[in-house]
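*Asks:* One structure is given below, represented as structure tokens, and several questions about it will come after.
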Amino acid sequence: MVFSSHLFVFYFLPLALLLYYAAPARTRHLLLTGFSYLFYGWANPLFVVLMAFSTAVDYACGRVIAAEPTGRAAKVVEKPPRSRRQKTALVISIVTNLSLLGFFKYFNFGVDSFNALVTALGVADWQWDTFFRITLPLGISFYTFQSMSYTIDVYRGQAAAIGNPVDFACYVSMFPQLVAGPIIRFHEVARQLEQRTHTLEKFARGTALFILGLSKKVLLANSCGLLADLVFDAGGRSCLDAWIGLLAYSFQIYFDFSGYSDMAIGLGLMLGFTFPKNFDSPYRSASITEFWRRWHLSLSNWLRDYLYIPLGGNRLGPSRTYINLAMVMLLGGLWHGAAWTFVAWGALHGGALALERALGKQSLYHRWPRPFRVAITFVVVAIGWVFFRSASITAAGSFLASLVGAGSPGPGDRLLSGMTHQPWLMGWLGVAAIVTWAAPQSWDWTRRITAARAVAMLGLFWVSLLLLTTQSFNPFIYFIF
């Protein structure tokens, strides 16, 4: 089930909100957990079993780490001393989560990579012709990171352990951000799980964010996605069409994910939760370093706090800093997908981050006008999306060749140009560009809901629902991560 569907908008969400607000406060977490399990298990009920197992392990490990009698929550202790038993509980939590993530996400990738390697070495008889393939549970990358943050936060003394298992199950499975984030770290919502306010102002802002996110997804991401698919899936393409397709995909992935994040944050507000901001106009960044301070903030902050800083961050000298940056971005690439294209994407960003740190703020690059640096940064990010979108390194290389006019011309190049240069597709590309670089952010625009804004949002909502009725193209990129 996805947010941008009639099933969710007209049936699931109204019923969930109605029963949530009608239920007594003490049963709301149980009700929300039930609806979240229904939401997650809609595609495959077995996925719920896996998530419930991960939830049970982390809850039990959190109780051991807390070393307190079961209650609503254990007291937070600053920099607490930890016993071997507590350290073992932390290790069990981390190993369990990473093992589940590694097996379900990377088993097929490992088998395929091994088979390709032995074939290249001329020993094809060594191939592992496994009789089964692993189905990737939806959103496993998100909820394992989220669940794992609980035991780490409790171990560090940054949050209290939950005494009620239903509260913890609600935190892990909450449907607004379950399958595609934002990645909500436990200490960010620990107090809200105990007590939060439900106000009309919160609900109104949440509704506005949901509508704007839905509009981004349906009007902009889907329209740009049609154009991107035409170009990327073509056998050959001209240089101009390659750049048009790349621009379209850059907009598609941005509005696809930022739109989903807006909807998730909006749904959280409707339920009384305040989730952190996940996008901060990343295409307005003047460097790759700034880009990662603006793009997918919940993942960037998670990798920084739970991986980069524990590895030593920038405290162990320049060489170690570059290694840490490269390692974090490589793992970040693999987190997004089990393919060498994602490794290449992570390597590109890791290399760019290391280069910018090596050059420093006194370099010639930093003396250029900001609009020029924003344009260069966007081009570098867009080139990275070639690897993110392509099915293989070979396909990515072919597309990159097209970008510089070195691609092999195909018999359908003129037909592709005729399909991509349609006025309505170019029009949506122009609208996407205006929203990206000139429009205010949804986060800021919804802080004050005026009558004029309410009317505008109702119009966007009506148009989005109308297009949902007619659109057969409604993919969600991050749904499979």
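The numbers here are math on the coordinates, done by the rules we state, and not lab data. What you see is a predicted model; the values in this text were computed from it and never measured. Quick reminder, even Gly has a Cβ in these numbers, built from the backbone with ideal geometry, and neighbours come from all protein chains shown.
*Asks:* Please give the per residue volume of the convex hull enclosing the alpha carbon atoms of region 202-480, rounded to a whole number of Å³.
*Replies:* That works out to 150 Å³ per residue.
*Asks:* Charges only on Cβ, +1 for Lys and Arg, -1 for Asp and Glu: so what's the dipole of the chain about the Cα centre, in debye to the nearest 20?
*Replies:* 1580
*Asks:* What's the magnitude of the charge dipole for region 202-480 around its Cα centre, counting Lys and Arg as +1 and Asp and Glu as -1 at the beta-carbon? Answer in Debye, nearest 20.
*Replies:* 940
*Asks:* Once the convex hull of the alpha carbons of region 1-55 is built, what does its volume come to per residue, in cubic angstrom?
*Replies:* With only Cα atoms used, region 1-55 gives 73 Å³ per residue.
*Asks:* Right, here's the next one. For region 1-160, rounded, prolate or oblate, judged on the Cα gyration tensor with a ≥ b ≥ c (square roots of eigenvalues), a/c < 1.5 rounded, else prolate if a/b > b/c?
*Replies:* oblate
*Asks:* Place the peptides 21-29, 348-356 in order of packing, highest mean first, counting for every residue the other Cβ atoms within 10 Å and averaging per peptide.
*Replies:* 348-356, 21-29
*Asks:* Spelling out what I want: for every residue of region 263-273, take phi, set θ = phi - 60°, compute 6.51 cos²θ - 1.76 cosθ + 1.60 (Karplus), and round to whole Hz; glycine and proline get x.
*Replies:* Listing the rounded values in order: 5, 5, 5, x, 5, x, 4, 4, 9, x, 8 Hz.
*Asks:* Starting from 0.36 nm per residue, how many nanometres of slack lie between Arg84 and Phe109 once their C-alpha separation is accounted for?
*Replies:* 5.4 nm
*Asks:* Then there is this: Could you list the square roots of 5 times each eigenvalue of the Cα gyration tensor of region 209-337, that is, the equivalent ellipsoid semi-axes, sorted largest first and rounded to whole Å?
*Replies:* One finds semi-axes of 29, 24, 11 Å for region 209-337.
*Asks:* What are the semi-axes of the equivalent ellipsoid of region 103-207, taken as the square roots of 5 times the eigenvalues of the Cα gyration tensor, listed largest first and rounded to whole Å?
*Replies:* 42, 17, 11
*Asks:* Please list 3J(HN,Hα) in residue order for region 82-95, calculated via the Karplus relation 6.51 cos²θ - 1.76 cosθ + 1.60 where θ = phi - 60°; whole Hz, with x for glycine and proline.
*Replies:* 10, 7, 4, 4, 5, 5, 5, 4, 4, 4, 4, 4, 5, 5
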